[in-house]
Amino acid sequence: MSTHIERPRYQCALGGALVTINSIERAVAIVHSAPGCAASADGAATVGGGYWGTTLTDGRATPSTNILEREVIFGGEDRLAEQIAATLEVVDADVYAVITGCMTDIIGDDVRAVVGEFRKHGKPVIVAETGGFKGDSTVGADFIWEAIITQFVEKGLEKDPKLVNLFGFVPAQDVFWRGNLLEIKRLLGLLGIKANTFLTPFDDLKDLKEASRASLNIVFSDVHGVKPAEVFEFTHGTPFVSEPLPIGPTATEEFLRRIAAQLKVDDETLERVIADEKAYYYRFINPLTDLFTDQDFQRFGVVIGNANYTFAVNRFIADDLGWIPYFTAVTDLLNEEQKQAVAKRLETIPADLRPKLIFEADTDRITERLNEQLAQEDDPYGTPISPAFVIGSNLDRPLAAGLKAAFWGVSYPITNRIVTDQFYAGFRGGLHLVTELISVLVSNR
Amino acid sequence: MGLKEDKIVPGREERVAACMAFGGCASGIGKQDKICLKNNERGFSQAGLCQLLPTLGMLLTLPETAVIVHGAIGCGSTGFGMNTSIRLHHLLRGNPNAKDSLWFSTNLDESDVVHGGEQRLEETILAVNEKYKPKSIIVMHTCTPSIIGDDLVGVIEKVRPLIDTSLLYSHCEGFKTKVWATGYDVAFHAMVHGFIEKDKDGPPPKKEGRKPGERPIVNVINLASMGKPDEVELERLLNAIGIDVVIGPNFADRETIRRMTQADLTVSVCPTHDDYLVHYLNTEYGIPCVLKDMPIGLENTRRWLLDIAGNFGLENEALALIEAEEAKVKKGVEKYLPALKGIKVFLSAGEFRALVTGGLFQELGMEIVGLRSYHHDDFGTEFYDRLIEAQKGKDFPIDIANFQPFELVNLLKKVDPDLFCGHVFDNAWAARLGYPTITIFRIFDHYVGYRGFYEVAKKAVRNLRNHAFNAKLSQNVPEAYRKEWYEKSPFAYIKSEAA
Ligand code: SF4
């Protein structure tokens, strides 16, 4: 059963669908809802996502029916049809995605029928029912991906053995989605694999249209994007694998090895790429060894964030930084099956370095649970996890302050720095993360 | 009806016949039939705001308050953005350690939509009260619970006797009004009912007349139209002529808001924001009001000050102050005037703000060539004429639009101004077309009074001097609209019933 949530770290289903469309080049959303929904949905993401900001067809330029009481009483289908026709006239895009808010789903507008009329006439319009009460942003992202996969992606294309699609990213929920995708694409490119990323400003909509050519879908999550990947497999026959977001040399090497095996990349290329990239990481890290060891920069880790990041960060600090993960809170709203998938993934971290895992959306309750955990530690000085480092979101600063711990934000919301092409994925992403974490530790000098 | 009797705040289209869609000449707006205007619609529309958003923005400023957004999980999610600006406000107010705003979502899901959300709301209020012990709790009712028929007031009145905390509520469902500025009224309504009318101590008694020699106290209403520097400027001016000031209701606590009933005069800095509250204080507490100017630009500031002074027989003091201040500021801007002479400016903001800022630019020797107002109501009408008169009858196009950037960029391309001055989130559209831009309001800067006059002049000259960022940007951004759109009138999608 759901409960109230303090300062939720996501938007509603509509929001997740909207930011996904907003991230796809030459795609535009048509929001069928009351006047504030689009602004609420992406207003939050565009600030909380490291000031992602807006481009030309999102934010206040998002086409929206802005329905009012009249439509709520008499139905909003005519208004939607009018808005779709007008949007096709005014806005220069190649795919138009109708997404709905709470009230249109409650009053039961037949949006599929309205959109169906346009599709019959060959207009590139797709539709997803994304009423906010159906879930959080990640759920909405899944809804819109399913719509894209079934209504937009071409069927029956020949497969390309060296083409993959990358899924599992929800823009702004992963504040670094653009940089991460670009870096993973670069790495796979070194192996001779072409990767479609879809959600960066450098993608071509044609690649999305022809995404069914891919012979593998890689979902960088155990929970988000999994359902669309299943729909993709069913619709277009492309299988998928769930991979954790790889941060740092250990995780990324394993990731590349698994993908190389699956796509039959030759050993020589694989070994060369891994060696080169690892060298990149260690040739920057090596000179820092004095600092690391002399200053005792090992920390107890408290990691708070979404399902994708919590595992990836814990793993990096355990495997590469040599820290002690202590406690981790997954803030997504997950069902039991999804929770099990997340827990199972965490079990790949050896037991003595595995943090205590909780699922908790509410910021204040996270602090309570951490304090309960600390109270069980037998420590006469009351500082069992000092020195600690909290890696979370801006909302977790008070928790860090309470622990007298260092703090760095990598999860949504991030409002105290801007994010452009930074990334944490891969060898170089790990280097970035360690650079930032250690910078926090020396920032007062 | 008025704030006291209204159970639910009426939309501004009903209360003040506000209009959201009109395009034409500035000279024409006063002649339009109000009823026709308010019924204008758009066949193509872009996302606006809903009344929830300004209400939330205001209520989150109240110290030690928990805001409960009753609805699906997305409605309050812009709280993060609002919280960043509230943090900055606190910094400017000298409380760097102020706590972050606190808000909750009742997180209604599919099963709640079927079974109703009243119980969840009740539990949330009690749980929040118990755990956080806030000084006040505010419940905001959004579209979803409203459509499924949750009885907000019923829940509130059931819980009120159980807790010792001020309990406020607001009906701010987005689908109920197209004029999101209604949200300001909703926030006032919540505060007045929660802290005054239904307060545990009851409404404060009316103040007795001022004793001889006692300095008059005026309420200066600040919603979201002034930052700290502007408050300081107005306080300075009013203090200088012997008047004390209470500023609220943003950032004010229960006591400050109750104190507003004890003032001798209520002064608005933006009639569009304030009239609902000002009239309440007038009818219930007999507090007279000044509600027609905004102290931006020399002429407006002069009128604003004289109006206030007139209430207390302080005209001579005011005149002396005005003379001295004007002399000083005119000297201050002298060196900027040559660069500003004849500059064609386009304004975009809430109607009143845009209009009075237009007056300021004219006083600096600039010309208004276009203006976009977020909505139109009667408070603005005569100011359009004043602007036209001040530039010797030269008319200019106006666009009444709750944002609608597609109309704005079309109009900008036709008007081709030298400078754009818009509200936050407006400037980017002009910047991407390569125009120099200045923000019409940020909480860090001076805009009102004499200091504001000087600072705006300086800022305009600075941006005109180098707008390379915008110019280069414009060469590197794609076009969002079809080229046929630019061949049409910017107002092509406005449907008026009369037509
Ligand atoms: S329009 Fe209604 S559902 Fe949408 S954000 Fe505003 S209150 Fe929430």
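The values are calculated or read from the model by the stated rules, or taken from the named source; none is laboratory data. Because the structure is a prediction, the values reported are computed rather than measured. No Cβ is skipped: glycine too gets one built from the backbone with ideal geometry, and neighbour counts run over all protein chains shown. Only protein heavy atoms, including side chains, enter the accessible area calculation; ligands, DNA and RNA are left aside. Shrake-Rupley method; radii C 1.70, N 1.55, O 1.52, S 1.80 Å.
Values for this structure:
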| item | result |
| --- | --- |
| Built amide H within the under 5 Å cut-off of A:T62, gap 5+ | B:A47 |
| Label-zone membership for the range A:311-336, site A:F292, 7 angstrom Cα→C-beta point, backbone N under 14 Å | A:316-324 |
| Solvent-accessible surface ranking, highest first, for A:D276, A:D294 at 1.4 angstrom | A:D294, A:D276 |
| Loss of accessible area when A meets B, both sides summed, Å² nearest 100, probe 1.4 Å | 5400 |
| Zone of A:R365's modelled label, taken as backbone nitrogen in the range A:298-333 under 14 Å from a point 7 Å along Cα→Cβ | A:329-333 |
| Using θ = phi - 60° and Karplus 6.51 cos²θ - 1.76 cosθ + 1.60, couplings along the range B:237-245 (whole Hz; Gly, Pro as x) | 5, 6, 4, 5, 9, x, 10, 8, 10 |
| Chain-alone versus full-assembly comparison, the range B:20-57, residues with accessible loss of at least 30 Å² (1.4 Å probe) | B:E41, B:G43, B:F44, B:S45, B:Q46, B:A47, B:G48, B:L49 |
| Percent breakdown of C-alpha pair distances by 5 Å bin, ordered from the shortest bin, for the range B:1-140 | 2, 8, 13, 14, 15, 14, 13, 10, 6, 4, 1, 0 |
| Prolate/oblate/rounded call for the range B:316-387, Cα gyration tensor, a/c under 1.5 rounded | oblate |
| Alpha carbon convex hull of the range A:13-151, volume per residue in cubic angstrom | 94 |
| Rounded to whole Å, sorted largest first: equivalent-ellipsoid semi-axes of chain A, Cα gyration tensor | 38, 27, 18 |
| Rounded to 10°, Cα long-axis angle of helix A:177-190 versus longest principal axis of chain A | 80 |
| Inter-label distance, nm, simple model (7 Å from Cα along the C-beta direction), A:I107/B:K206 | 4.5 |
| Where the protein assembly as shown is the region considered: accessible area per residue in Å², 1.4 Å probe | 37 |
| The range A:196-354: Cα Rg divided by the 2.2 N^0.38 Å rule of thumb | 1.20 |
| Evaluated at q = 0.18, 0.25 Å⁻¹: base-10 log I(q)/I(0), Debye formula over Cα of the range B:252-296 | -0.51, -0.90 |
| Förster radius 35 Å - calculated FRET efficiency between A:D276 and A:E377 (Cβ-Cβ, nearest 0.05) | 0.20 |
| Inter-label distance, nm, simple model (7 Å from Cα along the C-beta direction), A:R417/B:K135 | 3.5 |
| Accessible surface of the range A:295-414 [probe 1.4 Å, protein heavy atoms]: carbon and sulfur percent | 46 |
| Whole-angstrom gap from the range A:245-309 to the range B:353-422, using each part's C-alpha centre | 57 |
| Global geometry of chain B, whether rounded, prolate or oblate, following the gyration tensor of its Cα atoms and the 1.5 cut on a/c | oblate |
| Simple spin-label estimate for A:T269 and B:N97 in nanometres, 7 Å along Cα-Cβ | 6.0 |
| Angle in degrees between helix A:37-48 and the longest Cα principal axis of chain A, rounded to the nearest 10 | 20 |
| Along each principal axis, Cα extent of the protein assembly as shown, largest first, Å | 90, 72, 60 |
| Whole-angstrom gap from the range A:68-119 to the range A:174-211, using each part's C-alpha centre | 31 |
| Tensor-based shape of the range B:340-496 (alpha-carbon gyration tensor, a/c under 1.5 rounded, otherwise prolate or oblate) | oblate |
| Portion, in percent, of the accessible area of the range B:298-454 that falls on carbon or sulfur, probe 1.4 Å | 54 |
| Chain B, relative contact order [Cα under 8 Å, separation at least 6], % | 18 |
| FRET efficiency for B:D395 and B:S489, using Cβ-Cβ distance with R0 set to 22 Å, rounded to 0.05 | 0.85 |
| Share of alpha-carbon pairs per 10 Å distance bin for the range A:160-275, given as whole % | 14, 49, 33, 4 |
| Stokes-Einstein D (µm²/s) once Rh is taken as the Kirkwood radius of the range B:407-499 over alpha-carbon pairs, at 10 °C in 1.306 mPa s | 106 |
| Convex hull projection area averaged over all views, the range B:194-289, Cα basis, nm² | 6.3 |
| Alpha carbon convex hull of the range B:121-222, projected area averaged over orientations, nm² | 8.8 |
